[in-house]
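What follows is a set of notes on a single structure, which appears directly below.
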Amino acid sequence: MEESQSKSIRVKLVEIFVMVSITVFVIVIFIYYNLNRTIREMDTVYNSNIQFNDLSANVSDIQNSLYQYLNTKSSDALEDYYRYSQDYQELLDVLNQEVSSDPAKLAEKNIYYLSQTYLEMTDEAVERKRGRDAAGVREAYQETEEIYGFIQANINSINTSTFVSNARSYSNLRVILSYTTGFSICVLFAVIAIAVGWIIIMTRSITKPLIELANAATEIAQGNIEVDFPIVETGDEVSVVAKACNKMIGSIRNYIEETKKNYERENELAANELRMKNDLKEAQLKYLQAQINPHFLFNSLNAGAQLAMMEGAEKACMFIQNMADFFRYNVRKMEKDVTLQEELQLVDNYIYILNVRFAGDIHYSRQINEKLLHISMPSMILQPIIENAVNHGIREMEGEGCIHLSVFGEEDEVCIEITDNGVGIEPEIAEKIMRGENAHSMSGRDSEGIGLDNVINRLRSYYGRQHVFEIKRRETGGTSVTLYIPKEGKEREDDENTDL
Amino acid sequence: MKRFMDDNRLMYIVMAATVLLVLSIMIGFSVSLDQDKSGSDEAGGEEGSYSYHVAMVGGDPSDVFWESLYEEARTAGAKVGIYAEDFGAALNEDYSTSELVRMAIDSRVDGIVIETDATEDIESLISQAEQAGIPVVTLMEDVPDSGRISYVGANDYTLGEMYGQEVLKAVEKDGASVDVLVPVNEEESSPSFIYTGISETVAQTSRDISVSTVRTGEDREFVSEERVRGILLDEENRPDVLVCLNVVDTISAYQCVRDYNLVGKVKIIGYYSSPEILEGIQKGVIQSTIMVNAQEAGRLCMEAMEEYLSQRYTSEYFPVSVELINEKNVEDYIQEESGE
């Protein structure tokens, strides 16, 4: 993150512009320096001429002041003379004093020594003037005049010849200056072209990721949610934006996925509910068909039981009472959850009735863990199973039929096992029942009870799991049906059973 | 990130390289310009280390004799550390020989070589130079009584004898007249030894030949041709033989004889060699010319100077060889010259 901050677009742009500016600046400074130097050289070309002109003017000043002094003995003139002499000496010291093959330098040497002689001569003249030696003064002055002439002639000559060579150098410098200028302009243009190219490349490298981002966004907008934002690791804000966009797209995808799943689950739940309602309706219809008016029947049976009691027919009373209980259960419990105990009670009633009907053919025994009696479960579950065992197992056999019901707890579920010693179920049929396929044919053959498929479906819906029911042929003969009811079934029931 | 950094770094390297390249090109460019400049600056002359400065005062700078003498002196001087300056040649104004000598003395040169007529003025100047500690060498014409340290030149009397022989060869009939053009001024102190040599040689033969001198030294410039024309066109006194003792007079005479169709009527005996003189000999207009070896003279001047400057002593006289060129050996001489 720090790295990317340190290379943000701003920094990059600043870098580019600073680099370009510095480069151009350096080049321009260099060009300026070169041109300036050439111009300065041009300025100094005629320096030597100026120097000789100074010399010439100075020596003429000396000569004039000397003449004035010799003429008038004016102290001002003498002062001038000394001053000019000193100036002249300083100017002379710059001149070449060595023997040289260069004519200009040799001329300088000649001028230097001529001037030395001249100054000695002028001093001599001044001395003689002081000594009031009039003839000597004249003689000395004539000599100084002669040497003065020599000096001026030499200076003029050298001035002319140096002027010629200086003029040549000047024109050379002019040519050089024009070359330098032209060259500098070319170089400047080249550097600017390079710099512009560089800026274009650099800015393109900055904007390219942005364009890619925009392209990706356009594609996403057209509905292709699977496109990722391209992350170019430029290390600047663009990659930050790209990463953020990718996160956004990721969470949008997750959200859509979630929504889809929820929708599917809701659909499933709705279908489940519909199915359960259908099953219940079917069960109710069956009962309504079977027992036209259970209330009427139940009340009538109660009245019958009281009548039998009054007449002292205890067995009849008992039977009728059982019948009444059986129907009352149906009337009362049909739509409500019941406890295991109530279901067992219904089974007892039903067995009693059957035993009266079939003269005590059925031996019913049970083995029950008392602690499990209070677990809740859907109503009308055990009775259809018993009915099935009687109708398809015991009734078709010879001899005594036995039905054994046991309730026992396993780790987290309660097992209710119902076994008979009837003819036993065919394994293929058992398998079909488990898959819920053959239920109708069975129920079609025996239409007075609730079909096993109905029981299985209700159990599965109620507990929300597949493994609730098992039917198999026993090795010792007969059929065994086992119900697996979760111990925590009660809690789930609270959540989901409101509609049941 | 790495890829980007690499790109960036590459760009920076490219940019830096470009800048360096441009700068080095510019520096190279300016350096080459500087070299051009200094090259043109130093075209002034060959540099050497010189310990002495010798002023050579004399002849007309346009004189071929003086030219080759000076060139040789300069070359010979350079070898021994003497720079020989053609004194006054660089000056715009024209100065007389004596003025130039004075200027040289005032310029405190280390030595002076004078080629001039022996006048009193020169004599006193030579003594002034001597007083100032400047050695003077006289060239071609001696000033024997001055304080000059040495004399370099042909023996004028011998030279005169050679001219005399040539005159005798040239003169075919008795009563011929011979004019000797002497390039000196009226005020020349000593009579020319050359003239003496000529007249004595001629006198020895006891032939009737009149020898006279014509001075051409006045007003040095532009008069030579006038003078020669004046002599040659004066039919009454036209000489049969014209003896010239310097190059300019020789060329003037050659030109004049050609212009006025006097070939055969006037014979010319010249001095030194120049392309025109050699041409004249080839064409038979000039009978012969006497060559003083100018290069040898220049060399000897420097020898004398060097010897004196280093040892405070040198020979009084350095003889310069003399050569006669006529129709017979002119071709050889030209070949020799061009061979050099």
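Data table
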{"read-out": "Helices (runs of 4 or more DSSP H) within region A:312-406 that include 1 or more residues surrounded by 15 or more Cβ atoms within 10 Å (Cβ to Cβ) and at pLDDT below 85", "value": "A:314-333"}
{"read-out": "Boolean, A:Tyr148 is touching a residue at least 40 places away in the same chain (Cβ under 8 Å), within 19 Å of A:Asp61 (Cβ to Cβ) and more than 9 Å from chain B (Cβ to nearest Cβ)", "value": "yes"}
{"read-out": "Members of region A:101-129 that are among the aliphatic types (A, V, I, L, M) and within 9 Å of another protein chain (Cβ to nearest Cβ)", "value": "A:Ala104, A:Leu106, A:Ala107, A:Ile111, A:Leu114, A:Met121"}
{"read-out": "Test set (1) within 18 Å of A:Arg458 (Cβ to Cβ); (2) touching a Pro at 6+ places or on another chain (Cβ under 7 Å) - A:Glu387 fails condition number", "value": "(2)"}
{"read-out": "Residue within region B:263-274 that is assigned to a helix (DSSP H, G or I), surrounded by 16 or more Cβ atoms within 10 Å (Cβ to Cβ) and not aromatic (Phe, Trp, Tyr) present", "value": "no"}
{"read-out": "Unique match (being under 60 Å from the mean Cα position of the chain (by Cα), of a type outside the set (A, V, I, L, M, F, W, C) and part of a helix (DSSP H, G or I)) among A:Tyr82, A:Tyr32, A:Tyr88, A:Tyr69", "value": "A:Tyr32"}
{"read-out": "Checking B:Gly164 against (1) over 16 Å from B:Thr289 (Cβ atoms); (2) modelled with pLDDT of 85 or more, the condition it does not meet", "value": "(1)"}
{"read-out": "Unique residue being within 20 Å of B:Met302 (Cβ to Cβ), basic (Lys, Arg), within 11 Å of chain A (Cβ to nearest Cβ) and in a loop (DSSP other than H, G, I, E, B) when the list is B:Arg108, B:Arg74, B:Arg148", "value": "B:Arg108"}
{"read-out": "Flag for A:Val241 being away from every other protein chain (no Cβ under 14 Å), within 20 Å of A:Lys12 (Cα to Cα) and either within 15 Å of the chain's Cα centre (by Cα) or of a type in the set (A, V, I, L, M) (or both)", "value": "yes"}
{"read-out": "When residues of region B:79-105 are limited to those that are small (Gly, Ala, Ser), touching a helix residue (DSSP H, G or I) at 6+ places or on another chain (Cβ under 7 Å) and surrounded by fewer than 24 Cβ atoms within 10 Å (Cβ to Cβ), the one nearest to the other protein chains (Cβ to nearest Cβ)", "value": "B:Ala90"}
{"read-out": "Residue count, region A:40-70 (criterion: crowded, with 16+ Cβ neighbours inside 10 Å, of a type outside the set (Val, Ile, Thr) and more than 24 Å from A:Thr117 (Cβ to Cβ))", "value": "4"}
{"read-out": "The listed residue being in contact with a Ser or Thr (Cβ under 9 Å, 6 or more places away or on another chain) and surrounded by fewer than 18 Cβ atoms within 10 Å (Cβ to Cβ), out of A:Arg204, A:Arg168, A:Arg253", "value": "A:Arg168"}
{"read-out": "Single residue of A:Leu288, A:Leu297 found to be at pLDDT below 85, under 29 Å from A:Ile418 (Cα atoms) and more than 60 Å from the chain's Cα centre (by Cα)", "value": "A:Leu288"}
{"read-out": "Number of the condition not met by A:Leu95 [criteria: (1) at the interface with chain B (Cβ under 8 Å from one of its Cβ atoms); (2) touching a residue at least 12 places away in the same chain (Cβ under 8 Å); (3) not in a helix (DSSP H, G or I)]", "value": "(1)"}
{"read-out": "Which numbered condition A:Arg132 misses (of (1) assigned to a helix (DSSP H, G or I); (2) free of Cβ contacts under 8 Å to residues at least 60 places away in the same chain; (3) over 30 Å from A:Tyr32 (Cβ atoms); (4) more than 7 Å from chain B (Cβ to nearest Cβ))", "value": "(1)"}
{"read-out": "Selection status of B:Arg229, at pLDDT below 85 and of a type in the set (Lys, Arg)", "value": "no"}
{"read-out": "Conditions (1) facing chain A (nearest Cβ under 10 Å); (2) farther than 30 Å from B:Tyr272 by Cα; (3) at pLDDT 65 or above; number of the one not met by B:Met1", "value": "(3)"}
{"read-out": "From the options A:Ile176, A:Ile185, A:Ile192, residue that is farther than 16 Å from A:Tyr33 by Cα and among the hydrophobic types (A, V, I, L, M, F, W, C)", "value": "A:Ile192"}
{"read-out": "Residue in region B:81-88 that is in contact with a Phe, Trp or Tyr (Cβ under 8 Å, 6 or more places away or on another chain) and aliphatic (A, V, I, L, M) present", "value": "yes"}
{"read-out": "Flag for A:Thr180 being β-branched (Val, Ile, Thr) and either at the interface with chain B (Cβ under 9 Å from one of its Cβ atoms) or surrounded by fewer than 18 Cβ atoms within 10 Å (Cβ to Cβ) (or both)", "value": "yes"}
{"read-out": "Which listed residue is of a type in the set (Lys, Arg), surrounded by 13 or more Cβ atoms within 10 Å (Cβ to Cβ) and either away from chain B (no Cβ under 14 Å) or in contact (Cβ under 8 Å) with a residue 12 or more places away in the chain (or both), from A:Arg83, A:Arg37", "value": "A:Arg83"}
{"read-out": "Residue list for region B:281-295, filter: assigned to a helix (DSSP H, G or I) and over 21 Å from the mean Cα position of the chain (by Cα)", "value": "B:Ile281, B:Gln282, B:Lys283"}
{"read-out": "Hits in region A:219-269 - residues which are among the basic types (Lys, Arg) and either free of Cβ contacts under 8 Å to residues at least 24 places away in the same chain or assigned by TED's automatic domain parsing to the domain that holds A:Val11 (or both)", "value": "A:Lys243, A:Lys247, A:Lys260, A:Lys261, A:Arg265"}
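The values are calculated or read from the model by the stated rules, or taken from the named source; none is laboratory data. Please read these numbers as outputs of a predicted model, since none were measured by experiment. Ideal geometry is used to build each Cβ from the backbone, glycine not excepted, and the neighbour counts take in all protein chains shown.
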